[in-house]
Amino acid sequence: MSVKETSLTRLFERVTGDEDSRMCRDISDEACQEQPGNFFRHLVAALGNKLADELSNARLILPWLMGAIGAPVWMVGLLVPIREAGALLPQLLIAGYIRLLPIRKWVWVAGGVVQAIGALCLTLLALFGQGGWGGALVLIALTGLSLGRGLSSVATKDVLGKTIAKQRRGTLMGWSASVAGALTLLVGAILILLGNQPGTLALAILLFAAALGWGLNALCAALIHEAPGATEGGANAWDSVKQGIALMRRDRRFLHFNLSRALLLSSALALPYLALLGQQNSGTDLASLGILILTSGGAGMIAGPIWGRLADRSSRRVMRDSAIGAAACCLAGAACVWLPESVRTSVWPYAVVYGLLMIAHAGIRLGRKTYVVDLADSDTRALYVAFSNTFTGILMLVVGLLLGAFAHWLGSAGLLLVLAALAIAAALSSHALAEVESEPRS
């Protein structure tokens, strides 16, 4: 073993807290030998991906971009649905295809490259886009970016499972999330320091940095040492859809969960309208955007551990309580337009409500992820998750289109009132769900 490999192994053991990096429970001996190097390739790749995700956020950065270039309000309502649905809808098809490939990292690489190209297109639109045509091109670029995200999402998990052993994957994701969160907060602080300047150039720089992040992600993925894997068990996407529909008919609790999850989309859909409302009333300067990025990043870092502990006790209650919080935030956001002008034209009321809504949204995401995993058993878990994601992607598009149609008449504040009503319905539906944490599961 070379001096470089020895140093890498020692660093790996220090970061993971392991005394022997050669102890691997569920990966091959060849993968175990390559694990220290692969760990840090995964780490840098995940860091690039998480940072790029934050710098091109469809809940904050892209609504700000739409407002800055003068795109119609109804287009803002499509940002989150396109971002989420583009990644969720193809997953059944992609998962079956990837299973037929002995080496899966190149699908991950392709997804990273597609996302980098999408971010570069958004960079150009931040500089040169105007009005309705600029907004339409933003939606097209976001569609391509989201499809690339779907490719990477499925392939990343598969390659991770082949190259990194159990009890080290959580450490890997924790480090990447922590460093990416700190860098995102740094970006927000820099924007605040830049002061009251127009935001289009800064948006272009952020989106170009996102493109570099996904380029780094693709490069690190290509450098991962992956041994060929089994190619049996690839599933036909249409067969998986039919199985999922049959499952919802047979398992009423799964059907109830998916209906609750559909109503819980209100928190994700409310975030871009709240950001746009803040921009419309406080202006497009960099300081306002930086404040929103700081409150968003800080709220996400605080919320995760708290909701996680609560979800282990009752994910149903986490979904219910988060939905109540989301409804309150939507009402508070809409009420901001009736504040005195001196307060209404400051970004701070919107930033506070946005941060609180991010906390509620984090609880909704964590609660529904925990619930569906605990609802299923080992034989049905993969199908439950994949079908629920696909079902949600379809609903996200449908609801997004409906909200976009209403946006022309209601405006951002009016839509927040509609989303508050949906969040209240989500809380009632979640309250009626069965408790699954106390049930024995295989």
Inset, instruction - Scan the stretch 407-442 for residues that are modelled with pLDDT under 80 and under 15 Å from P272 (Cβ atoms) and report the count. - result: 1
Inset, instruction - Would you confirm whether any residue within the stretch 303-311 is open to solvent by less than 40 Å² (accessible area, probe 1.4 Å) and more than 28 Å from A189 (Cβ to Cβ)? - result: yes
Legend entry - Scope the stretch 255-293; condition open to solvent by 10 Å² or more (accessible area, probe 1.4 Å), of a type outside the set (A, V, I, L, M) and more than 15 Å from V353 (Cα to Cα); matching residues: H256, R261, Q280, G283, T284, D285
Legend entry - Residue tally, condition open to solvent by 40 Å² or more (accessible area, probe 1.4 Å) and either among the acidic types (D, E) or under 19 Å from S296 (Cα atoms) (or both), over the stretch 54-82: 2
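Hey, among L92, L11, L79, L65, which residue is modelled with pLDDT under 65 and out of contact with any Cys (no Cβ under 9 Å at 6 or more places or on another chain)?
That would be L11, the only listed residue that is modelled with pLDDT under 65 and out of contact with any Cys (no Cβ under 9 Å at 6 or more places or on another chain).
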Legend entry - In the stretch 373-398, the residues that are more than 18 Å from L93 (Cα to Cα), crowded, with 21+ Cβ neighbours inside 10 Å and at pLDDT 75 or above: L375, M396
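Considering only the stretch 319-331, how many residues are among the small types (G, A, S), under 19 Å from G300 (Cβ atoms) and buried (at least 18 other Cβ atoms within 10 Å of the Cβ)? If you could, list the steps in order and put the result at the bottom.
Filtering the stretch 319-331 for residues among the small types (G, A, S) gives 322-323, 325-328.
After this cut, where a residue has to be under 19 Å from G300 (Cβ atoms) as well, the list is 322-323, 325-326, 328.
Imposing the further condition that a residue be buried (at least 18 other Cβ atoms within 10 Å of the Cβ) reduces the set to 322-323, 325-326.
Result for the stretch 319-331: 4.
The values are calculated or read from the model by the stated rules, or taken from the named source; none is laboratory data. Values in this document were obtained by computation on a predicted structure and should not be read as measured data. For neighbour counting, all protein chains shown are included, and Cβ atoms are generated from backbone atoms with ideal geometry for every residue, glycine included. Please note that ligands, DNA and RNA were not included when accessible areas were found on the heavy atoms of the full protein model with its side chains. Shrake-Rupley method; radii C 1.70, N 1.55, O 1.52, S 1.80 Å.
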